[in-house]
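The values are calculated or read from the model by the stated rules, or taken from the named source; none is laboratory data. These numbers come from a predicted model, not from an experiment. Methodologically, a virtual Cβ is constructed for each residue, glycine included, from the backbone with ideal geometry; neighbour enumeration extends over all protein chains shown. Side chains are part of the model used for accessible areas, which takes the heavy atoms of the whole protein and leaves out ligands, DNA and RNA. Shrake-Rupley method; radii C 1.70, N 1.55, O 1.52, S 1.80 Å.
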Amino acid sequence: MMTHNLLIGGEWIDASTGETMEVVNPATEAIIALVASAGKEDVDRAVTAARRAQDGPWSKLSARDRGRLLWKVGERLLERADEIARLETLHNGKPIFESRQIEIPASAECFQYYAGWADKIQGETIPVKGNYLTYTLREPVGVVAAIVPWNFPLLLTSWKVAPALACGNTVIIKPASQTPLTAIALGQMCLDVGIPPGVVNVVTGPGSTVGRAIVEHGGIDKVAFTGDTSTGREIMRGSAATLKRITLELGGKSPNIVFPDADLDAAVRGATTGIFYGKGEVCAAGSRLLVDRSIRDEFMDKVVARTKKMVPGDPLDPKTRLGAISSRSQLERVLGYIETGKREGASLVAGGARADIGTGKGYFLQPTVFDRVEPGMTIAREEIFGPVLAAIEFADVDEAIARANDSTYGLAAAVWTRDVKKAHHVARKLQAGTVWVNTYNVYDTAAPFGGYRQSGFGREMGQHALESYTQVKTVWIDLNA
Ligand code: NDP
């Protein structure tokens, strides 16, 4: 059993509440750790520590040295990748294949990518009228809070912390209560490589109290949030009084559009990995499969055949490609959507029930496919956040675009076609922050990611993220004699 305190000002300290939270392994239902459950007072302490570090050692370090430290965090993550990947799998239930081969390396890469930016964040000189030298400085916003969900605990923490630090901010991480272990490990690694105390703080505790205290705190300058759209709304309301900067990366109901001229076998793979990677607990999951009517039967047969081959297994087994749903409550929520799909008349063609991997324990679910879904059905409109695919047909390109855009969300979308003109045409018409053509779920730290519509605003990753973590100061020098 692991036990963890709060990381504040470089020290691991007890929560002022004296309380702890249990962390459960969703694959075994066993309690694997106890972490401190912070209160409002701890948020105050973290803000004081972060501000002191911001005004002190962190702002005195050269940008290049900041970059060196970030690079070392990436190195440390790679050195400890086996152990960190195991932790990620233990608290989230995702296959070790995903944690070890994809997400921990991507987290390390994120730190090393932003290490390169640290000394390249610069202002400009502006040709103004009159005899002035006018230039801009790009300065850190100050103390940044990263509020992180449980689906990609380390990766989504890295997407926030790495650019925030590269820009010279200090950070308070509020991990999801279900999955705090890798953020805690990251906090220790930041100390180990020599990032000064107080620059990175980790405050574990319930979103309803600690998260809210962060959002409302006058000493925090920016909140970077990923999570549910309804929580995003609360964060927007809560941050209004202090006019805090916020970026929100929220839910999605992303369409995956298959035209008849596509490489259908590749599209089948894209349709299934698009929804089943990460057990479908992915904000950009391709949860709405839009298929041209003329190929629907053939295509859906292939999707179902491939889905039936995907069997949930022990997440720690390197061969497993479908792990455990992250929590009992999430499992129940997803099963509830499956019932709604059946009740509303969609045709269940694969899965639809809990799975047992032979242990009688764990929140496993069969990968599930609904065919003949109508665009108005609940399972076509709401984010299920589980391995449940809803297939909807369309008659032509215009109807495909209309159906794809018929959503309050706009996080991602994909198009499968061999026709280059059609691909570009549809990509431009789709209301989504990311459009993939003939692929799904590809990411790179250099490429911006974020939402249209109610999927949020602001961009993570790439050069674009630097804008969220800096503010521009304009300096005028009078050169008149
Ligand atoms: P939340 O959006 O509530 O949680 C994300 C993070 O926000 C967690 O760290 C959480 O803390 C924190 N938080 C919760 N409430 C507040 C608040 N009022 N102020 C500040 N921070 C807060 O997601 P849930 O874990 O509750 O999941 C609910 C549903 O959201 C899921 O079933 C899923 O469908 C969807 N979801 C979508 C995600 C996405 O990326 N699109 C990611 C995660 C969930 P704590 O963990 O302590 O509650």
Checklist entry - Among the residues of the stretch 435-464 satisfying the criterion of being assigned to a loop (DSSP other than H, G, I, E, B) and in contact with a Pro (Cβ under 8 Å, 6 or more places away or on another chain), which is nearest to Lys160 (Cα to Cα)? => result Met461
Next on the checklist: For the stretch 233-265, which positions are among the hydrophobic types (A, V, I, L, M, F, W, C) and near the ligand (Cβ under 7 Å from one of its atoms)?
Outcome noted: Ile235, Leu250
Next on the checklist: Would you confirm, using the coordinates I've provided, whether Val304 is over 22 Å from Ile102 (Cβ atoms), buried (at least 24 other Cβ atoms within 10 Å of the Cβ), over 20 Å from the mean Cα position of the chain (by Cα) and more than 16 Å from the ligand (Cβ to nearest atom)?
Outcome noted: no
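With the requirement that a residue be among the β-branched types (Val, Ile, Thr) and open to solvent by 80 Å² or more (accessible area, probe 1.4 Å), what does the stretch 445-481 give you?
We begin by selecting, within the stretch 445-481, every residue among the β-branched types (Val, Ile, Thr); these are 445, 470, 472, 474-475, 477.
Result: Val472, single match.
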Checklist entry - What do you reckon, is Thr417 buried (at least 19 other Cβ atoms within 10 Å of the Cβ), touching a residue at least 60 places away in the same chain (Cβ under 8 Å) and within 23 Å of the chain's Cα centre (by Cα)? => result no
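Determine whether Pro367 is closer than 24 Å to Leu316 by Cβ, within 16 Å of the ligand (Cβ to nearest atom) and open to solvent by less than 50 Å² (accessible area, probe 1.4 Å).
Numbers: closer than 24 Å to Leu316 by Cβ: yes; within 16 Å of the ligand (Cβ to nearest atom): no; open to solvent by less than 50 Å² (accessible area, probe 1.4 Å): yes.
So Pro367 fails the test.
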Checklist outcome for this item: For the stretch 1-49, the count of residues that are part of a strand (DSSP E or B) and open to solvent by 10 Å² or more (accessible area, probe 1.4 Å) equals 14
Checklist entry - What is the residue count in the stretch 282-298 for residues that are surrounded by fewer than 24 Cβ atoms within 10 Å (Cβ to Cβ) and either within 16 Å of the ligand (Cβ to nearest atom) or not charged (D, E, K, R) (or both)? => result 3
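Name the residues in the stretch 437-455 that are without any contact (Cβ under 8 Å) to a residue 40 or more places away in the chain and not aliphatic (A, V, I, L, M), would you?
Of all residues in the stretch 437-455, those without any contact (Cβ under 8 Å) to a residue 40 or more places away in the chain come to 437, 442, 444, 447-448.
Selection gives Asp444, Pro448.
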Checklist entry - For the stretch 92-126, what are the residues that are open to solvent by less than 60 Å² (accessible area, probe 1.4 Å) and either touching a strand residue (DSSP E or B) at 6+ places or on another chain (Cβ under 9 Å) or in the same structural domain as Lys319 (by TED's automatic domain parsing) (or both)? => result Gly93, Ile121, Gly123
Checklist entry - Here is a list of conditions, (1) over 24 Å from Asp228 (Cβ atoms); (2) among the β-branched types (Val, Ile, Thr); (3) assigned to a loop (DSSP other than H, G, I, E, B), and Val304 meets all of them except one; can you say which number that is? => result (3)
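Just give me the residues in the stretch 254-267 being assigned to a helix (DSSP H, G or I) and either open to solvent by 10 Å² or more (accessible area, probe 1.4 Å) or over 15 Å from Ala413 (Cα atoms) (or both), in sequence order.
Applying the first criterion (assigned to a helix (DSSP H, G or I)) to the stretch 254-267 yields 264-267.
Leu264, Asp265, Ala266 - these are the residues of the stretch 254-267 that are assigned to a helix (DSSP H, G or I) and either open to solvent by 10 Å² or more (accessible area, probe 1.4 Å) or over 15 Å from Ala413 (Cα atoms) (or both).
Among the helices (runs of 4 or more DSSP H) lying completely within the stretch 151-232, list those that include at least 2 residues that are more than 11 Å from the ligand (Cβ to nearest atom) and more than 19 Å from the chain's Cα centre (by Cα). Steps first, answer last, please.
Numbers: elements: 153-166, 181-192, 212-216.
In the stretch 151-232, 181-192 are the helices (runs of 4 or more DSSP H) which contain 2 or more residues that are more than 11 Å from the ligand (Cβ to nearest atom) and more than 19 Å from the chain's Cα centre (by Cα).
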Checklist outcome for this item: Over the stretch 233-253, the set of residues more than 18 Å from the chain's Cα centre (by Cα) and assigned to a loop (DSSP other than H, G, I, E, B) is Ser239, Ala240, Ala241, Thr242, Leu243, Lys244
Checklist outcome for this item: Of the residues in the stretch 127-150 that are touching an Asp or Glu at 6+ places or on another chain (Cβ under 8 Å) and either β-branched (Val, Ile, Thr) or more than 29 Å from Thr182 (Cα to Cα) (or both), the one that is surrounded by the fewest Cβ atoms within 10 Å (Cβ to Cβ) is Asn131
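Kindly evaluate Glu75 against the criterion of being closer than 20 Å to Val148 by Cα and assigned to a helix (DSSP H, G or I). Walk me through how you get there before you give the answer.
Working: closer than 20 Å to Val148 by Cα: no; assigned to a helix (DSSP H, G or I): yes.
No; evaluated as a whole, the condition is false for this residue.
Of all residues in the stretch 307-329 being outside any helix (DSSP H, G or I) and basic (Lys, Arg), which is surrounded by the most Cβ atoms within 10 Å (Cβ to Cβ)? Show your work before the answer.
If we filter the stretch 307-329 for residues that are outside any helix (DSSP H, G or I), which is where we start, we get 310-327.
With basic (Lys, Arg) added as a condition, the list becomes 319, 321.
Details: Lys319: 9, Arg321: 18.
Looking at residues that are outside any helix (DSSP H, G or I) and basic (Lys, Arg), I get Arg321.
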Checklist entry - Under the condition of being over 21 Å from Val215 (Cα atoms) and β-branched (Val, Ile, Thr), which residue from the stretch 151-194 is surrounded by the fewest Cβ atoms within 10 Å (Cβ to Cβ)? => result Val193
